[in-house]
Amino acid sequence: MANIPPNIDASTFTISAFLIGYLLIDDLDPVEQNSIGNWFMMVGQVLCTNSAQQQVINNRNKNDGGDHVINSELTSFESLRRSVNTIDKELNKFP
């Protein structure tokens with residue numbers, strides 16, 4: 001997947017997304033447009049979330065000077081555990 005996205009200029013890449021979306025309007029009713037649009041947004045959010053987290057890890061590794069290697073499995077597990085605990089505390093505030 002080395003050529004995804006293709007090496008085309010940003011304007012052309014953006015216009016191609018606009019045209020595909022615009023062309024789908026005629027073939028889909030409003031409910032289908034909403035469903036497909038939300039699906040595309042979810043795909044985009046997954047890509048953005050993953051890349052943002054990878055940038056955080058890369059920046060931390062770069063700032064460590066290479067002396068400290070992050071154990072990504074343990075870090076991910078601990079981070080997930082803390083997130084679940086935080087969500088649980090917030091949910092317990094509701095009657």
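Shape class of the chain from the Cα gyration tensor (axes a ≥ b ≥ c, square roots of the eigenvalues): oblate, since a/c reaches 1.5 or more and a/b does not exceed b/c. Comparing mean-square fluctuations of Ser11, Ser51, Ser35 from a GNM of the chain with C-alpha springs under 10 Å, the top value falls on Ser11. Out of the total accessible area of the chain (probe 1.4 Å, heavy atoms of protein only), what percent is carbon and sulfur? Summing carbon and sulfur atoms, their accessible area is 61 percent of the total for the chain.
Couplings 3J(HN,Hα) for segment 32-44, derived from phi with the Karplus relation 6.51 cos²θ - 1.76 cosθ + 1.60 (θ = phi - 60°), are 5, 4, 4, 5, 5, x, 5, 5, 4, 5, 5, 4, x Hz, where x marks Gly and Pro. Accessible area per residue for the chain is 93 Å², calculated with a 1.4 Å probe on protein heavy atoms, without ligands, DNA or RNA.
The values are calculated or read from the model by the stated rules, or taken from the named source; none is laboratory data. Fair warning: this is a prediction, and the values are worked out from it, not measured in the lab. Side chains included, ligands, DNA and RNA excluded: accessible areas come from the protein's heavy atoms. Shrake-Rupley method; radii C 1.70, N 1.55, O 1.52, S 1.80 Å.
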